[in-house]
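Structure first, commentary second.
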Amino acid sequence: AQSVAQPEDQVNVAEGNPLTVKCTYSVSGNPYLFWYVQYPNRGLQFLLKYITGDNLVKGSYGFEAEFNKSQTSFHLKKPSALVSDSALYFCAVRGLTAGTYKYIFGTGTRLKVLA
Amino acid sequence: SQTIHQWPATLVQPVGSPLSLECTVEGTSNPNLYWYRQAAGRGLQLLFYSVGIGQISSEVPQNLSASRPQDRQFILSSKKLLLSDSGFYLCAWSPDGTGGYGYTFGSGTRLTVV
């Protein structure tokens, strides 16, 4: 079965500390993986993606994510958190259903960066 | 550059009234288009997607319908709204159906059915 799991509903981190938002996936074949961020009452914004190549992917706003095939994970990271990073983060994987590719989104993790 | 527009931003409608939400994409042609609903500020539920004019696939049987009358226009409709239709509706597009480019989302419509 194709799925994405974000095991933490909320992550709290102090400003200036490193942050990690976890994501694991289950999909057949090579995964296409994505991270999106959503600010209140806004649409989702693309942060980064992994399709092939280096396991460490760099994206917008200083975020990066590490693809780990053996652990089927794609955790989002940032070396130094900012209060403005507080938002809802979604992991997504490309799934194939009835011959059509669609994204499967996780349930989201709310990141709260404390000043 | 490509842009996606969604309107209205907020909407308060009585139960039983009709609904029409519109989404348009500029700067590209023949995009794949998607309607999502986000309930309680969390998970995303894919409602409809379209790979071309007049081609609509429904993911979840419900009180809503979608139409694509023009290449870059995607409309979400209902004849009679239910309280359970309340939520945050998001339109998105992608260049093709390979899933390799990511989705670009509109800014969303907050629908409250009263």
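Worth a mention:
- Among the listed pairs A:LYS22/A:LYS102; A:LYS49/A:LYS78; A:LYS77/A:LYS102, those with a Cα-Cα distance over 19 Å are A:LYS22/A:LYS102; A:LYS77/A:LYS102.
- Rounded FRET efficiency, nearest 0.05, which uses the C-beta distance separating B:VAL60 from A:GLU66 and R0 of 41 Å: 0.75
- Mean-position separation - Cα centroids, the stretch B:1-39 and the stretch A:39-86, in angstrom: 27 Å
- Each Cα pair under 8 Å and six or more residues apart adds its separation to the average, and for the stretch B:10-114 the resulting relative contact order is 36 percent.
- Order of B:THR3, A:THR109 under a 10 Å beta carbon neighbour criterion, fewest first: B:THR3, A:THR109
- Peptide A:36-44 has a mean shielding of 6, counted as Cβ atoms of other protein chains within 10 Å of each residue's Cβ.
- Counting DSSP beta bridges with both ends in chain A, the antiparallel % (nearest 5): 90 percent
- When A:LYS49, A:LYS77 are arranged by Cβ crowding within 10 Å, least crowded first, meaning fewest neighbours, the order is A:LYS77, A:LYS49.
- Average beta-carbon neighbours from other chains, 10 Å sphere, peptide A:101-109: 5
- Ordering of A:23-33, A:89-99, B:13-23 by burial proxy (mean other Cβ atoms within 10 Å per residue, highest first): A:89-99, A:23-33, B:13-23
We did not get these values from a lab; they are worked out from the coordinates using the rules stated. From a predicted model like this one, the values you see are computed outputs, not experimental measurements. Please note: Cβ atoms are built from the backbone with ideal geometry, for glycine as well, and neighbour counts cover all protein chains shown.
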